[in-house]
Amino acid sequence: MKHLPLIISALTFVFSCAGVWKINDIVGLYNANRASIARSESNADETRVKIDDFAKEHAARFSRERRKNQELEEQVLDLSTEKVKIETTFSSQNSEIESLKKEIEEKTEDIITLKVELAGFDKKIEAMNQKATLTRQDIPLLQAKLQDIEMQAQREKERSQRISNDLSNYAEITQILKGHFDRTIDALYTEKYDRPWIEKGEMITLSLFSLNLEKGLLALPVGKEIGLEPGAFFSIASLGETICKIKIMESSQNKSVGLIMPLFGQPEKLLSIRSFDLTHL
């Protein structure tokens with residue numbers, strides 16, 4: 001036991017040394033931790049700076065991206081609107097194209113119909129041209145005939161003008177016929193009693209007559225006594241040549257007036273003869 005204090009002192013020294021060493025270790029560890037903490041804080045500050053810079057950069061990038069997205073959205077909206085317009089325009093144009101196609105088909109049918117009609121018109125025109133050619137060929141003949149008719153009409157007019165002076169007064173014609181009545185009464189009565197009627201196809205010769213070519217009238221010295229009734233037709237001939245035809249317009253017992261039928265024969269020859277043959281038609 002007497003060595004106990006020594007042991008305790010020794011132990012105290014040992015523990016003291018151990019404590020100092022431990023404290024030194026703790027201090028060293030503390031300093032090391034502080035340095036590590038300082039480095040960590042420094043790194044943390046740098047990290048915060050980096051984070052702030054990154055956050056700012058990220059915010060700026062996000063803002064740019066958002067603006068880009070907005071621009072893209074606007075572009076998409078514009079494109080969508082443009083697409084709708086294009087689709088609408090396409091639909092309208094497609095409808096117009098279909099309408100144009102239908103109209104073209106109808107026009108094509110109309111063109112075919114017109115071509116057929118034009119072909120028919122060409123044939124008609126060709127036929128008309130042929131007819132016109134024939135007509136042009138006939139024109140000289142027609143002109144010649146027209147000239148002949150005009151010349152004949154002029155001759156008829158001149159002859160009528162001459163005869164009109166002789167027949168201007170029908171009373172004078174009647175008086176002339178009456179004057180010749182006494183000289184021809186015996187022959188008329190003889191013919192009347194022997195054969196009073198002139199039948200169709202029969203002929204008598206007359207030498208006393210009056211003519212008005214302008215009015216187309218021929219006064220005869222015979223009448224109902226030999227069958228010259230109104231409406232009867234007779235032909236007048238001289239030397240076997242038919243001169244004209246007449247239709248009895250008025251008739252009394254012993255005189256009558258005949259209408260010279262137009263466009264037949266040459267009535268003007270009556271001006272140059274003194275007698276003619278009257279045939280009942």
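The values are calculated or read from the model by the stated rules, or taken from the named source; none is laboratory data. As the structure is a computational prediction, the values presented were derived from the model and not from experiment. Note that we place each Cβ from the backbone using ideal geometry, even for glycine, and neighbour counts take in every protein chain shown.
Beta carbons closer than 7 Å, at least 6 apart along the sequence or on distinct chains, pair a first residue in region 198-216 that is β-branched (Val, Ile, Thr) with a second that is assigned to a loop (DSSP other than H, G, I, E, B) and surrounded by fewer than 19 Cβ atoms within 10 Å (Cβ to Cβ) for Ile198/Gly227; Thr205/Ser275. Of all residues in region 246-265, exactly one satisfies the criterion of being within 60 Å of the chain's Cα centre (by Cα) and over 18 Å from Glu214 (Cβ atoms), namely Ile248.
With the structure loaded, tell me whether Gly179 is among the small types (Gly, Ala, Ser) and at pLDDT 80 or above or whether it fails that test. Against the criterion (among the small types (Gly, Ala, Ser) and at pLDDT 80 or above), Gly179 does not qualify.
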